[in-house]
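Trainee: Provided herewith is a single structure, encoded as structure tokens, for subsequent inquiry.
The values are calculated or read from the model by the stated rules, or taken from the named source; none is laboratory data. Keep in mind that this is a model prediction, so the values were computed, not measured. Backbone-built Cβ (ideal geometry, glycine too); neighbour counts: all protein chains shown. All accessible areas refer to the heavy atoms of the entire protein, side chains included, with ligands and DNA or RNA removed. Shrake-Rupley method; radii C 1.70, N 1.55, O 1.52, S 1.80 Å.
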Amino acid sequence: MTETTETQIYKGLAGVTVDTTAISMVNSDTNSLLYRGYPVQELAAKCSFEEVAYLMWHGDLPSKEQLAEFTAFERSHRALADNVKAAIDLLSTSCHPMDVARTAVSVLGANHPKASDSSPEANLEKAMELFAAFPAVVAYDQRRRRGQEIVAPRDDLDYSANFLWMTFGEEAAPEVVEAFNVSMVLYAEHSFNASTFTARVITSTLADLHSAVTGAIGALKGPLHGGANEAVMHTFEEIGIRTDESREDAAARAKAWMEDALAQKKKVMGFGHRVYKNGDSRVPTMKAALDGMIEHFDRPELLGLYSGLETAMDEAKSIKPNLDYPAGPTYHLMGFDTEMFTPLFIAARITGWTAHIMEQAASNSLIRPLSAYNGPEQRQVP
Ligand SMILES: CC(=O)SCCNC(=O)CCNC(=O)[C@H](O)C(C)(C)COP(=O)(O)OP(=O)(O)OC[C@H]1O[C@@H](n2cnc3c(N)ncnc32)[C@H](O)[C@@H]1OP(=O)(O)O
Ligand SMILES: O=C([O-])CC(=O)C(=O)O
């Protein structure tokens, strides 16, 4: 907070409570995160991402029948419309996949027969459809960049298994599917973060759901927010990934890299958080998933890089990793191209964003804060 003579300025809205929400609670004192009252660690351990999506929108976990109905809907809405594929094909493979994702969601919005209907029923339908269709955007984009044929969705696989199937064209091992499911659950929702707040601002003007999600994608792209999971991998790549290196040697090189970066006052992505100051509640669960992938793919040197950076940052500044830190190398091990990591975050956060869009719409007030003018005094045009 900065004080001017007349007005208190809350830069970055830090510490400002702007509304209520029943969707999630981030508690930095207890290092906990609840979705609709449930600890996120328990949801990650016991629930499919489909169940968590349902929870996000409806406030309660689904019964067996409700889950079956939702799952059938999701599986029948996975294929991409031809004009979405055509719009993606118009974009260069040198553009960022986040630009592709943003464009694809915009086209999906323009396609929608209820584009201008923001009733609770239409919004829920749009949210479920977007949830179901978005994985194909990521899969299609990664495959076209690799010059591979598109792989059609399979309705005998759950959300995570099908996501990996469409991206890689082969069935992933159960451990990989499980780790992917955990990452989706952990990324699903986090109260009034920058992208969710963006979605709520757009919704507050009575604009439609796809406009709000498209704007949220723009906010997520930046490296201070979702773009950090990609940036983490670039750090690993800059240090150098040497598959034949021992864990200890990799850790020593990473530690030296971090000490140098901090000496140069660099910001290292994947560390720090606006709300959590003693560590991100989601990191232990995501780190366990990363450990599992490191073991599954037998890549101990990545653990060396991970721990070397973490230790050096902790010793120098006591700043802890955020969720993007373990998520980045996990997605790398699964085989995703580095630039695809933030689109994966979108796939998960569509659930949280759309729940917030519906919550904002149900109790709306135009979001329009004030600013303190500090430009020139009034003057005459010469
Ligand atoms: C899923 C997510 O979106 S989680 C967030 C992902 N983002 C990142 O990982 C980006 C890197 N981290 C950061 O930039 C920040 O920690 C943020 C933006 C996430 C939160 O930052 P804020 O609450 O605004 O704190 P701020 O950026 O002012 O940092 C406070 C101090 O810690 C330092 N600091 C914070 N994060 C880092 C970092 N990652 N690397 C180095 N120093 C850092 C700042 O330089 C600053 O130091 P100073 O007081 O000496 O100037
Ligand atoms: O809460 C935040 O500011 C960023 C974050 O961790 C998230 O959106 O998951």
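Trainee: Filter region 225-259 down to residues that are touching a Gly at 6+ places or on another chain (Cβ under 6 Å) and among the β-branched types (Val, Ile, Thr), then give me how many there are.
Mentor: Applying the first criterion (touching a Gly at 6+ places or on another chain (Cβ under 6 Å)) to region 225-259 yields 228-229, 232-233, 247, 250-251, 254-255.
Then keep just the ones that are among the β-branched types (Val, Ile, Thr); that gives 232.
So the answer is 1.
Trainee: Taking helices (runs of 4 or more DSSP H) that do not extend beyond region 292-371, which have at least 1 residues that are over 24 Å from residue 165 (Cβ atoms), of a type outside the set (D, E, K, R) and open to solvent by 10 Å² or more (accessible area, probe 1.4 Å)?
Mentor: Details: elements: 300-317, 324-334, 341-362.
Fully inside region 292-371 and qualifying: 300-317, 341-362.
Trainee: Please go through region 33-61 and give me each residue that is among the basic types (Lys, Arg) and more than 21 Å from residue 124 (Cα to Cα), ordered by number.
Mentor: Going through region 33-61, the residues among the basic types (Lys, Arg) turn out to be 36, 46.
If the condition is that a residue be among the basic types (Lys, Arg) and more than 21 Å from residue 124 (Cα to Cα), then 46 is the only one that fits.
Trainee: Might you let me know whether region 84-94 holds any residue that is surrounded by fewer than 17 Cβ atoms within 10 Å (Cβ to Cβ) and touching a residue at least 40 places away in the same chain (Cβ under 8 Å)?
Mentor: Taking region 84-94 first, the residues surrounded by fewer than 17 Cβ atoms within 10 Å (Cβ to Cβ) are 86, 89-94.
Next, from what is left, pick out any that are touching a residue at least 40 places away in the same chain (Cβ under 8 Å): 89, 93.
Looking through region 84-94, at least one residue is surrounded by fewer than 17 Cβ atoms within 10 Å (Cβ to Cβ) and touching a residue at least 40 places away in the same chain (Cβ under 8 Å).
Trainee: Sticking with this structure for a sec: Among the residues of region 249-265, what is the count of those that are charged (D, E, K, R), in a helix (DSSP H, G or I) and free of Cβ contacts under 8 Å to residues at least 24 places away in the same chain?
Mentor: Within region 249-265, the subset charged (D, E, K, R) is 249, 253, 255, 259-260, 265.
If we keep only those that are in a helix (DSSP H, G or I) too, we end up with 249, 253, 255, 259-260.
Then drop every residue that is not free of Cβ contacts under 8 Å to residues at least 24 places away in the same chain, which leaves 260.
Here the count works out to 1.
Trainee: Check every one of the helices (runs of 4 or more DSSP H) wholly within region 1-109 and list those with 3 or more residues that are more than 24 Å from residue 342 (Cβ to Cβ) and charged (D, E, K, R). Show your work before the answer.
Mentor: Details: elements: 40-46, 49-58, 64-75, 82-90.
Helices (runs of 4 or more DSSP H) meeting the threshold: 64-75.
Trainee: Within region 27-42, can one find any residue that is surrounded by fewer than 16 Cβ atoms within 10 Å (Cβ to Cβ), of a type in the set (A, V, I, L, M) and out of contact with any Gly (no Cβ under 7 Å at 6 or more places or on another chain)? Break it down stepwise before answering.
Mentor: Quick first cut of region 27-42, residues surrounded by fewer than 16 Cβ atoms within 10 Å (Cβ to Cβ) only: 27, 29-30, 32, 37, 39, 42.
Of the ones still in play, those that are also of a type in the set (A, V, I, L, M) are none.
No, region 27-42 contains no residue that is surrounded by fewer than 16 Cβ atoms within 10 Å (Cβ to Cβ), of a type in the set (A, V, I, L, M) and out of contact with any Gly (no Cβ under 7 Å at 6 or more places or on another chain).
Trainee: Further, regarding this structure: Would you mind telling me which numbered condition in (1) open to solvent by less than 40 Å² (accessible area, probe 1.4 Å); (2) within 27 Å of residue 317 (Cα to Cα) residue 199 fails?
Mentor: The failed condition is (2).
Trainee: So residue 47 clears everything in (1) modelled with pLDDT under 95; (2) more than 24 Å from residue 194 (Cα to Cα) except one condition, right? Which one?
Mentor: Unmet condition: (1).
Trainee: Moving on. What pairs can you find where one residue is in region 147-160 and within 18 Å of residue 184 (Cβ to Cβ) and at pLDDT 95 or above, the other is basic (Lys, Arg) and surrounded by 13 or more Cβ atoms within 10 Å (Cβ to Cβ), and their Cβ atoms are less than 7 Å apart, with a gap of 6+ or different chains?
Mentor: Hits for this filter: 153/78.
Trainee: Within region 254-284, take every residue that is within 20 Å of residue 29 (Cβ to Cβ) and either open to solvent by 30 Å² or more (accessible area, probe 1.4 Å) or near ligand 1 (Cβ under 8 Å from one of its atoms) (or both) and give me the one that is modelled with the lowest pLDDT.
Mentor: The initial filter retains those residues of region 254-284 that are within 20 Å of residue 29 (Cβ to Cβ), namely 272-284.
Filter once more, keeping what is either open to solvent by 30 Å² or more (accessible area, probe 1.4 Å) or near ligand 1 (Cβ under 8 Å from one of its atoms) (or both): 272-275, 277-278, 280, 284.
On the way: 272: 97, 273: 97, 274: 97, 275: 96, 277: 87, 278: 90, 280: 96, 284: 98.
Top of the filtered list is 277.
Trainee: Let me ask something else about it. Considering only residues that are of a type outside the set (A, V, I, L, M, F, W, C) and touching a Gly at 6+ places or on another chain (Cβ under 9 Å), look in region 99-141 and name the one that is least open to solvent (accessible area, probe 1.4 Å).
Mentor: Within region 99-141, the subset of a type outside the set (A, V, I, L, M, F, W, C) is 99, 102-103, 106, 109, 111-114, 116-121, 123, 125-126, 129, 135, 140-141.
Okay, now just the ones that are also touching a Gly at 6+ places or on another chain (Cβ under 9 Å), so 102, 126.
Numbers: 102: 82, 126: 1 Å².
Of everything passing the filter in region 99-141, 126 is least open to solvent (accessible area, probe 1.4 Å).
Trainee: To continue, here is another question. If I ask for residues that are more than 7 Å from ligand 1 (Cβ to nearest atom) and either open to solvent by 90 Å² or more (accessible area, probe 1.4 Å) or without any contact (Cβ under 8 Å) to a residue 12 or more places away in the chain (or both), which ones from region 223-248 would you list?
Mentor: Result: 238, 242, 243, 244, 247, 248.
Trainee: Could you tell me how many of the residues in region 289-323 are of a type in the set (Gly, Ala, Ser) and more than 13 Å from ligand 1 (Cβ to nearest atom)? Spell out the reasoning first.
Mentor: Restricting attention to region 289-323, the residues satisfying the condition of being of a type in the set (Gly, Ala, Ser) are 289, 292, 304, 307-308, 312, 316, 318.
After this cut, where a residue has to be more than 13 Å from ligand 1 (Cβ to nearest atom) as well, the list is 289, 292, 304, 307-308.
The qualifying residues number 5.
Trainee: Inspect region 177-195 for any residue being among the polar types (S, T, N, Q), open to solvent by 30 Å² or more (accessible area, probe 1.4 Å) and either over 30 Å from residue 110 (Cβ atoms) or within 16 Å of ligand 1 (Cβ to nearest atom) (or both) and give the result as yes or no.
Mentor: Keep residues of region 177-195 that are among the polar types (S, T, N, Q), which gives 181, 183, 191, 193, 195.
Next cut, open to solvent by 30 Å² or more (accessible area, probe 1.4 Å) only: none.
Checked region 177-195: no residue is among the polar types (S, T, N, Q), open to solvent by 30 Å² or more (accessible area, probe 1.4 Å) and either over 30 Å from residue 110 (Cβ atoms) or within 16 Å of ligand 1 (Cβ to nearest atom) (or both).
Trainee: List the residue pairs whose Cβ atoms are under 6 Å apart, where the first residue sits in region 185-207 and is at positive phi and touching a residue at least 24 places away in the same chain (Cβ under 8 Å), the second is open to solvent by 30 Å² or more (accessible area, probe 1.4 Å) and outside any loop (DSSP other than H, G, I, E, B), and the two are 6 or more positions apart or on different chains.
Mentor: Close Cβ pairs (under 6 Å, with a partner that is open to solvent by 30 Å² or more (accessible area, probe 1.4 Å) and outside any loop (DSSP other than H, G, I, E, B)) amount to 191/26.
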